[in-house]
Amino acid sequence: MKTPVEVEEMEKEKIPKGFHKITLGKLVTFQRGHDLPKNSRKKGNYPVVASNGIVDYHTEFKAKGPGVTIGRSGNIGEPLYIGKNYWPLNTTLFVKEFHNSDPKFIYYFLKTLDLNKYNSGSAVPSLNRNYIHPIEVVVPETIEQQQKISLYLSSLDDKIELNHQINQTLESIAQAIFKSWFVDFDPVKAKIAAIEAGENAEGVTRAAMSAISGKTDEELDQLQAEQSDEYAQLESTAELFPAAMVESEVGLIPEGWGVKKIGDYLNTISKTYPLKTVSEVIFLNTGDIQNGKVLHSNKSTVETLPGQAKKSIQKDDILYSEIRPENKRFAYVFFDGKEHVVSTKLMVLRPIADIDSKFLYFILTQQETIDFLQMMAESRSGTFPQITFNVISQVEFFGPKDNTIIHIFSKSILAPFMQERYLKDEEDIQLSNIRDSLLPKLLSGELSVDAAEFAEE
């Protein structure tokens, strides 16, 4: 039971009911991590954690999980939660003792602290546990309260992670089908094998249908018996693939196919945004897009925009950074773009021929393409690796003279995949904003979990 003096002190500092003030060192005990040279590491199941996150896996561990680390040297203060036994390197401080605190709560709580101001280093930022242990903090008194908060915040992170996994699955499916159709030419090879096996015309088409869809003969029989639209679509698509391969300068390719250059289907657009007609816009710089994601939709006043904020964009444009292609600063424009202005360091690419821009974007974001563009960027003399549209226009891909197969792939495979990914990414942004806005309020007692759930709804 609190003394009258303690109650008076709490009221003076407005400490919420169920919370108390405590030093960080009494809440948890930090310890410096352990050396583990790279040449001593053996591939295993235990994460090796540095100040910038998990950097390797080892056969041994030094700390039992679940655990929490913060950067000690270099990248200081950023917390990481590890759900299993792990090896914290000496560039980290790890929680040695939780003192009846919930590890996941401690992880979220540390995210609210600005530990950079306790930097004890000079040229290299460094964090000393003796500097941060005396920090006074306000936290829930019981582990049950902590767990209630961490469970709610974890539920938001779990939703984000689930969306990420769904996107990865969709990406894998799209990549597998693309490789099958346009790299390995599986439908063509299936037709050739069927012909060599003495199949009639229907059997040859059926073989291609199976290669296109991955369905067995029994599954195709079922679709045919149901007279389904899917069967008719598969059949018409299969008939578009040739039944022979021919020699070319790049090896065997399907008959009637050839090498296409992306420059014949895309152009770079540099239309100046009419900034004088608006008071605020959404500005996208190279750092505001990443591997297909537009990372924010925050508006800026026109007066505060940097000089490179010039280009206008529209729906179905492709944004592609001129600088360091390996950083994957590219995105597809799913929105109308009327409120957006982009940096002059972003190429705005727009289709000029009869191939969907989604397909062209898919080509430009293949790892093989990124590696080619990075090589070209590094071969250029300049301050940093950079490409131009002339380099982009040299990117090649295989395709039929008639682009019907490409249209089918774009409409039936790419469009639904990319739309679903975009929606999941948008949901992730919303969930992250909810989490980040509620995080300090929940951890300080300003807001209860029940009120946070209501606010989320």
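The values are calculated or read from the model by the stated rules, or taken from the named source; none is laboratory data. Bear in mind the structure is a predicted one, so any value in this text is a computation, not a measurement. Ideal geometry is used to build each Cβ from the backbone, glycine not excepted, and the neighbour counts take in all protein chains shown. Ligands, DNA and RNA are stripped out before the accessible areas are found, and what is left, the full protein with its side chains, is counted by its heavy atoms. Shrake-Rupley method; radii C 1.70, N 1.55, O 1.52, S 1.80 Å.
Ligands, DNA and RNA aside, E161 has an accessible area near 90 Å² when probed at 1.4 Å.
For region 389-425, trypsin sites (Lys or Arg not before Pro) meeting the loop criterion (DSSP other than H, G, I, E, B) and having at most 12 other Cβ atoms within 10 Å: K401.
Between amide H atoms placed 1.01 Å from N, distances below 5 Å from E78 occur with G71, all of them 5 or more places distant or on a separate chain. For L223, the accessible area of its heavy atoms, probed at 1.4 Å with every protein chain present, is near 20 square angstrom. Couplings for region 138-153, taken from phi via the Karplus curve 6.51 cos²θ - 1.76 cosθ + 1.60 with θ = phi - 60°, read 10, 9, x, 6, 10, 5, 5, 5, 4, 5, 5, 5, 5, 5, 5, 5 Hz in order; Gly and Pro are left as x. Residues whose amide H lies under 5 Å from that of L266, counting only those 5 or more places away or on a different chain, are I352; hydrogens are built 1.01 Å from N in the peptide plane.
Separation of the alpha carbons by more than 29 angstrom is noted, of K43/K104; K215/K315; K43/K179, for K215/K315; K43/K179. Along region 270-276 the Karplus relation, 6.51 cos²θ - 1.76 cosθ + 1.60 evaluated at θ = phi - 60°, assigns HN-Hα couplings of 9, 9, 6, 6, x, 4, 6 Hz to successive residues, with x for each Gly and Pro. In the chain, the DSSP beta bridges split such that about 90 percent are antiparallel, to the nearest 5. Taking volume of the Cα convex hull per residue in Å³ straight from the coordinates, which label in (i) 128; (ii) 236; (iii) 147 is the correct one? Matching the structure shown: (ii). Residue-wise HN-Hα couplings along region 443-450, as the Karplus relation 6.51 cos²θ - 1.76 cosθ + 1.60 with θ = phi - 60° gives them from phi, are 6, 9, x, 5, 9, 8, 4, 4 Hz; Gly and Pro carry x.
Of interest is the spacing of the C-alpha centroids, which for region 366-437 and region 21-98 amounts to 36 Å. With protein chains left intact and a 1.4 Å probe, residues in region 185-246 average 55 Å² of accessible area per residue. Which of the GluC sites (Glu not before Pro) found in region 193-287 are in a DSSP loop and have at most 14 neighbouring Cβ atoms, other than their own, within 10 Å? Passing sites in region 193-287 are E226, E249, E255. Taking all protein chains together and a 1.4 Å probe, the residues K293, K310 rank K310, K293 from largest to smallest accessible area.
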